[in-house]
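Before any comments, here is the structure.
The values are calculated or read from the model by the stated rules, or taken from the named source; none is laboratory data. Note that the structure is a prediction, hence the values are computed from the model and not measured. So basically every Cβ, Gly included, is an ideal-geometry build from the backbone, and we count neighbours across all protein chains shown.
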Amino acid sequence: MLGLARTYFRLSALVLVGTLVLSACTGASQPAASPAPSAQGAPVAGGTVTIPITADPTLNPWSPNAFVESLFINRAIFEGITKPGKDLAPAPDLAESWTTAADGLSWTFKLRSGVKWSDGKPFSADDVAFTFNDVVLKPELGAQNRASYAAVKSVTVVDPNTVRFDLSRKFAALPSFLAYNAGIIPKHVLSADPLKTTSFNKGVPVSTGPFKVEKYTSGQSVSLVRNENYFGPKPYLDKVVFTVVPDANTQIAQALSGDITIMILDNKAAVDRVKSASGLVVVSRPLVQYYWLALNQTDARFTDVKVRQAFVHAIDRQAIIKSVELGYGSIANSPITPALAAYYDPSLASKYPYDPQKAKDLLAQAGWKAGTDGVFQKDGKPFQFTMDVGQRGVLEPVNALIQQDLKKIGVIVDLNTMEWNAYIQKDVVRREYSATVNWWTYPSDPDVFPYYHSSAAGKGFNIPGYQDPKLDDLLVQGQSASDLETRKAVYKQLQAYTSETLPYLFLWYPQEIDVLSSSLKGVPELGLRDSMHYLGEWWLAKK
Amino acid sequence: MVVGQEVTRFLLQRLALGALVVVFASALTFFFVNLAPGGPASVMRFDVTAEQREALIKAMGLDRPVPQRYVEWLGAALHGDLGSSLLTNEPVATRIGDRLPNTLTLAGSALLISIVAGIPMGVVQALRRGRAIDHVLSLVSAVGLAVPVFWLGIVLILVFAVSLNVLPSAGVTSAASDTLADRLAHLVLPAVALATTILPTVVRFTRSSTIEALHEDYIRTATSKGLAPWTVVARHALRNALIPVVSAIGALVPRLLGGTVVTEAVFGWPGMGRLALEAAQGRDYPLVTGLTVVVAAIAVCASLVVDVAYTRIDPRVRLS
């Protein structure tokens, strides 16, 4: 069955080419430009928006089984203490305002009053305390994202509209982290079994957002309707339906036939076909995400910074962006993405131009000698290693391109392609790998402590196992500084330092392509999953 | 009465044997899937720490040895409890029960299409052996056998849902109108796509067994008696020609169920095939085992039905 699935997914790229040719032959006429999505006009109420998801969601933001397909609905119905603002900085959600104590060891959040759950029961600080003290901070429950709150000791109810997060160390990014998949869940419904209540996770959960679940039909769809108890302005849309469509090509066909209102175009190869369709608009959106190549630091060959720098010079990243992302991305040289505009340092973008000769020079400086066959060697052994390839997204073609690039400078890479689940076990759980490509998506804050600090090497999210006291120091400084200017200065240093030392080899910052009906308005210029926090503002123009 | 006793004894024997097959399949699956690399999707996430993994493994009871877990599973299964899904915490029986009718509808429709279209096609080919129509239908069969279902599925969607806009592209029903007509409209494309996985085999079996039957002495006798050619074919040749076809169809049921995995993914059809794919990818051990048991039971039943059907078609076949 897995073999079948593998063949199926591998062939799907091929299929797309064939089907696009075919649809071009059979397809309807294709008018040129479509109106811009930000077309003016006063919002009107009514209508249904349909959004595809790839599998049945788990409607509980903290369930370890709430995978990426669950993010859409969970962000639409559950509200956090904060949410990502349209500039990605933390914005008020259930909290109106927040302050940190002078010593930085606690944060106090003032909650909105008069908020009700979708079942009419009042929301209060007790629900926030329950979500954290009884769910997230309970190690035996294994709640999703609990690692983000390692600095949180406990949450104290100050009064029904005020909560205080007490910390074991300074954590300036807490308001940003609370905006990231940290929806508050109802104590009065979930106190018995917070993460495994099926009638909630797979049924009709109780939530506080502008929409609530109307019906959950396993394998088919989840429909949302207005939450009559919502504290804010009444949302425009009558209904939002999430249909379960596992196949990416079927999703595209559904967008073309008008069955889908808005979707993420994961298969960027189809972008031209979609652009030429009438009634559809294609937009690109920023993501807080970057692709990287991890070189396992337990392998002595990779501990020399010159080797890591040589590899970055050797990999033609612009060519990767062009061929696998169709140009929707930019070169990365640090973990802070351009989407975090307040912190991102654009001057680093040209730090490592594609330069195979320089790569060879750097390898020579690191003590590697080119053999007669052109392959670098040291102590009589060729520079050869295996890259594990997880079968997901663009990873397979990217690895093939990197293999070619490294071969050109005299480094031999063998590719070991693996089914995703087995790949995670080998590379992430057991760390039994030499080199591997993957990506990180993180909360909209430059605090990348969990992915870089030496305490996370080997078992946490520090995949390469890179350990560096100076980097540790910068990471802690960033968490300790509470004012924006100080943080900007620290993270500018961190970007410069990581671009020089290359704990991971940074590859590129991807952009998301969204396809939407030209009648859909009010969608903010954020990644579609982030836009779910603003579903109440979406509206449909009358045709 | 003797015949009745014989049938009962035969059925009981076959059922006992079938039950053994199912238990054996469950044991094989349980051990293989538990020993496969990887683990439950909640554990094999990129963004999960070692500490969370340990807590989850313990909470799911996966820290205990596999043989012990199998014995416990089998004990509960014999009492009708197939355990709980690791991905959703719902009972496995509920998850399968939700999806089984959809898969049976889809697979049943595909089987019906294959029989209704395949047998006449095969007969026509046999009667017009070597002529143009025979070659054309052979070509159609060969293409049908060679074309992957997921490709055909997407093509069908692009032609009938996108370009012609006459049929829905995916799902079992429209959110707005859930009527029988709406459900049938949704069924057409996936059923046709799935039928192509077995239709060519049905056509070929029918063709070759009909050709064989047409060479039998009794056909010559019937023809020389002056019977109309169609009567000869329908009354005499087909009846014998169908015997190997029936057994082939029985053997095709597992292939049909395998085909649902891909068909259901392409057409967003909420059936067992898609559930099986999700369960395998997410290493949902109890769900994979439960699905295998159900599919094994279906396969056993299908072969039983074929055996019984044999005795109806061919009086020479005795139940023994």
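Would region A:426-444 turn up any residue that is over 18 Å from A:L502 (Cβ atoms), within 8 Å of another protein chain (Cβ to nearest Cβ) and crowded, with 21+ Cβ neighbours inside 10 Å?
yes
Can you find, within region A:328-356, the residue that is farthest from the chain's Cα centre (by Cα) among those that are within 23 Å of A:D405 (Cα to Cα) and aromatic (F, W, Y)?
Checked region A:328-356; the qualifying residue farthest from the chain's Cα centre (by Cα) is A:Y354.
Being touching a residue at least 12 places away in the same chain (Cβ under 8 Å), of a type in the set (K, R) and either over 21 Å from A:V68 (Cα atoms) or within 12 Å of chain B (Cβ to nearest Cβ) (or both) is the filter here; which residues of region A:203-230 pass it?
A:R226
Looking at B:D98, is it buried (at least 17 other Cβ atoms within 10 Å of the Cβ), out of contact with any helix residue (DSSP H, G or I) (no Cβ under 7 Å at 6 or more places or on another chain) and more than 26 Å from B:L214 (Cβ to Cβ)?
For B:D98, the condition - buried (at least 17 other Cβ atoms within 10 Å of the Cβ), out of contact with any helix residue (DSSP H, G or I) (no Cβ under 7 Å at 6 or more places or on another chain) and more than 26 Å from B:L214 (Cβ to Cβ) - is met.
Any idea which of B:S85, B:S42, B:S26 is surrounded by 15 or more Cβ atoms within 10 Å (Cβ to Cβ), within 8 Å of chain A (Cβ to nearest Cβ) and either in contact (Cβ under 8 Å) with a residue 40 or more places away in the chain or of a type in the set (K, R) (or both)?
Every option except B:S42 fails the conditions.
I'm told B:V143 meets every condition in (1) without any contact (Cβ under 8 Å) to a residue 24 or more places away in the chain; (2) in contact with a Pro (Cβ under 9 Å, 6 or more places away or on another chain); (3) part of a helix (DSSP H, G or I); (4) within 10 Å of chain A (Cβ to nearest Cβ) except one. Can you identify the failing condition by its number?
All conditions pass for B:V143, except number (4).
Taking the options A:D238, A:D247, name whichever one is over 30 Å from B:V92 (Cβ atoms) and among the acidic types (D, E).
The match here is A:D238.
State whether one or more residues within region A:436-449 are in a loop (DSSP other than H, G, I, E, B), touching a residue at least 24 places away in the same chain (Cβ under 8 Å) and more than 30 Å from A:E485 (Cα to Cα).
no
So, in region A:231-261, exactly how many residues are in a loop (DSSP other than H, G, I, E, B), more than 9 Å from chain B (Cβ to nearest Cβ) and touching a Ser or Thr at 6+ places or on another chain (Cβ under 8 Å)?
Result for region A:231-261: 5.
For region A:461-543, which helices (runs of 4 or more DSSP H) that fit wholly inside it have 1 or more residues that are in contact with a Pro (Cβ under 6 Å, 6 or more places away or on another chain)?
A:484-501, A:528-531
If I ask for residues that are within 24 Å of A:E228 (Cβ to Cβ) and assigned to a helix (DSSP H, G or I), which ones from region A:180-209 would you list?
Residues satisfying the conditions are A:K187, A:H188, A:V189, A:L190, A:S199, A:F200, A:N201.
Sort out which residues of region A:139-165 are acidic (D, E) and over 18 Å from A:W107 (Cβ atoms), and write them in order of number.
A:E140 - this is the single residue of region A:139-165 that is acidic (D, E) and over 18 Å from A:W107 (Cβ atoms).
Residues that are free of Cβ contacts under 8 Å to residues at least 40 places away in the same chain: which helices (runs of 4 or more DSSP H) entirely in region A:281-370 hold 2 or more of them?
In region A:281-370, the matching helices (runs of 4 or more DSSP H) lie at A:317-324, A:356-365.
How about region B:262-307: which of its residues are within 14 Å of chain A (Cβ to nearest Cβ) and either over 30 Å from B:L56 (Cβ atoms) or β-branched (V, I, T) (or both)?
B:V262, B:T263, B:V266, B:F267, B:W269, B:V288, B:T289, B:T292, B:V295, listed by residue number.
Hey, does region B:235-250 have a residue that's touching a His at 6+ places or on another chain (Cβ under 6 Å), modelled with pLDDT under 85 and of a type in the set (G, A, S)?
No, region B:235-250 has no match at all.
Just checking, how many residues over region B:70-82 are under 20 Å from B:L35 (Cα atoms) and either aromatic (F, W, Y) or surrounded by fewer than 18 Cβ atoms within 10 Å (Cβ to Cβ) (or both)?
Looking only at that region, the number is 5.
Is at least one residue of region B:137-145 more than 21 Å from the chain's Cα centre (by Cα), surrounded by 14 or more Cβ atoms within 10 Å (Cβ to Cβ) and not hydroxyl-bearing (S, T, Y)?
Yes.
If I ask for residues that are assigned to a helix (DSSP H, G or I) and under 23 Å from A:F211 (Cα atoms), which ones from region A:105-159 would you list?
A:A125, A:D126, A:D127, A:V128, A:F130, A:T131
If you check every pair at least six apart or on different chains, which have Cβ atoms under 9 Å apart with a residue in region A:126-149 that is at the interface with chain B (Cβ under 7 Å from one of its Cβ atoms) first and a residue that is among the polar types (S, T, N, Q) second?
Once the first residue is at the interface with chain B (Cβ under 7 Å from one of its Cβ atoms) and sits in region A:126-149, its partners that are among the polar types (S, T, N, Q) give A:P139/B:Q52; A:G142/B:S42; A:G142/B:Q52; A:R146/B:T49; A:R146/B:Q52; A:A147/B:T49; A:A147/B:Q52.
From the list B:L17, B:L62, B:L106, exactly one residue is modelled with pLDDT of 90 or more, of a type in the set (A, V, I, L, M, F, W, C) and in a loop (DSSP other than H, G, I, E, B). Which is it?
Unique residue meeting the criteria: B:L62.
Look through region B:150-159, keep the residues that are more than 7 Å from chain A (Cβ to nearest Cβ) and over 17 Å from B:P270 (Cα atoms), and return whichever of them is surrounded by the most Cβ atoms within 10 Å (Cβ to Cβ).
B:L152
Out of (1) surrounded by fewer than 20 Cβ atoms within 10 Å (Cβ to Cβ); (2) outside any helix (DSSP H, G or I); (3) on the phi < 0 side of the Ramachandran plot; (4) not basic (K, R), what's the single condition that is false for B:A170?
Of everything listed in (1) surrounded by fewer than 20 Cβ atoms within 10 Å (Cβ to Cβ); (2) outside any helix (DSSP H, G or I); (3) on the phi < 0 side of the Ramachandran plot; (4) not basic (K, R), B:A170 misses just condition (1).
Checking A:F200 against (1) modelled with pLDDT of 95 or more; (2) within 14 Å of another protein chain (Cβ to nearest Cβ); (3) closer than 19 Å to B:D47 by Cβ, which single condition isn't satisfied?
Tallying (1) modelled with pLDDT of 95 or more; (2) within 14 Å of another protein chain (Cβ to nearest Cβ); (3) closer than 19 Å to B:D47 by Cβ, A:F200 fails exactly one: (3).
Please find, within region A:179-193, the residue that is farthest from A:G85 (Cα to Cα) out of those that are more than 11 Å from chain B (Cβ to nearest Cβ) and more than 25 Å from the chain's Cα centre (by Cα).
Of everything passing the filter in region A:179-193, A:A192 is farthest from A:G85 (Cα to Cα).
Taking interchain pairs and intrachain pairs at least six residues apart, which have beta carbon atoms under 9 angstrom, with the first residue in region B:160-179 and more than 8 Å from chain A (Cβ to nearest Cβ) and the second of a type in the set (S, T, Y) and in a loop (DSSP other than H, G, I, E, B)?
Taking only residues 6 or more apart or on different chains, the pairs are B:F160/B:S169; B:T179/B:T173.
From the list B:G75, B:G130, B:G80, B:G97, exactly one residue is within 13 Å of chain A (Cβ to nearest Cβ) and out of contact with any Ser or Thr (no Cβ under 9 Å at 6 or more places or on another chain). Which is it?
B:G97
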